[in-house]
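Throughout, read-outs are computed from the coordinates displayed, never taken from laboratory work. Just so it is clear, the structure is predicted and the values come from calculations on it, not from any experiment. No Cβ is skipped: glycine too gets one built from the backbone with ideal geometry, and neighbour counts run over all protein chains shown.
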Amino acid sequence: MAQHNELGKKGEQLAVDFLLKNNYNIIERNYRFDKAEVDVIAQKDDILAIIEVKTRSTIDFGNPQDFVKPKQIKNLVKAVDEYVNVNDLDIEVRFDIIAIVKEEKGFVIEHLENAFYHF
């Protein structure tokens with residue numbers, strides 16, 4: 001497996017561990033619909049958190065969250081709309097980003113709640 005794929009998998013696991021530690025219930029991982037993949041669907045209280053995980057080995061080219069592009073957001077919203085409808089959910093949906101940057105002695109994790117809004 002390519003090194004960037006391994007970093008991505010590691011980042012997703014770190015994000016899940018972070019969410020669990022912060023009292024989220026993990027409902028789905030890598031949910032796919034059409035052209036989108038939702039990294040993590042989690043619930044905390046009465047909020048369904050849609051989590052996009054971005055992991056980078058350096059911030060030389062920008063912060064991880066800067067790599068979530070409008071087309072990806074559009075596809076995520078479409079996928080989550082399908083997920084909510086298929087599962088007949090009546091719940092508030094929030095879109096978050098967990099940005100992870102590898103450093104010498106570990107990883108820095110930043111949880112950006114309401115990182116973007118569906119449109």
Taking 7 Å along the Cα-to-C-beta vector as the label spot, tell me the residue 57-residue 91 distance in nanometres, rounded to one decimal. 3.6
Residues 110, 104, 6 in order from fewest to most other beta-carbon atoms within 10 Å are 104, 6, 110
Result: in the chain the number of Lys pairs with C-alpha under 18 Å apart, spaced 8 or more or on different chains, is 17
Could you line up 31, 24 from fewest to most neighbouring Cβ atoms inside 10 Å? 31, 24
Any idea what diffusion coefficient the chain gets from Stokes-Einstein, in µm²/s, Kirkwood Rh on alpha carbon pairs, 37 °C, 0.692 mPa s? 224
Using the Cα centre as the reference, give the magnitude of the dipole from point charges on the C-beta atoms of the stretch 3-116 (Lys, Arg: +1; Asp, Glu: -1; all else neutral), rounded to the nearest 20 debye. 440
Using alpha carbons only, how many degrees (0 to 90, rounded to 10) separate the axis of helix 3-21 from the longest principal axis of the chain? 60
With n ≥ 4 as the cut-off for DSSP H runs, can you work out [θ] at 222 nm for the chain, using -39500 (n - 2.57) per run divided by the number of residues, rounded to the nearest 500? -10000 deg cm²/dmol
Figure the gain on full extension for residue 104 and residue 30 (residue separation times 0.36 nm, minus the Cα-Cα span) and round it to one decimal in nm. 23.8 nm
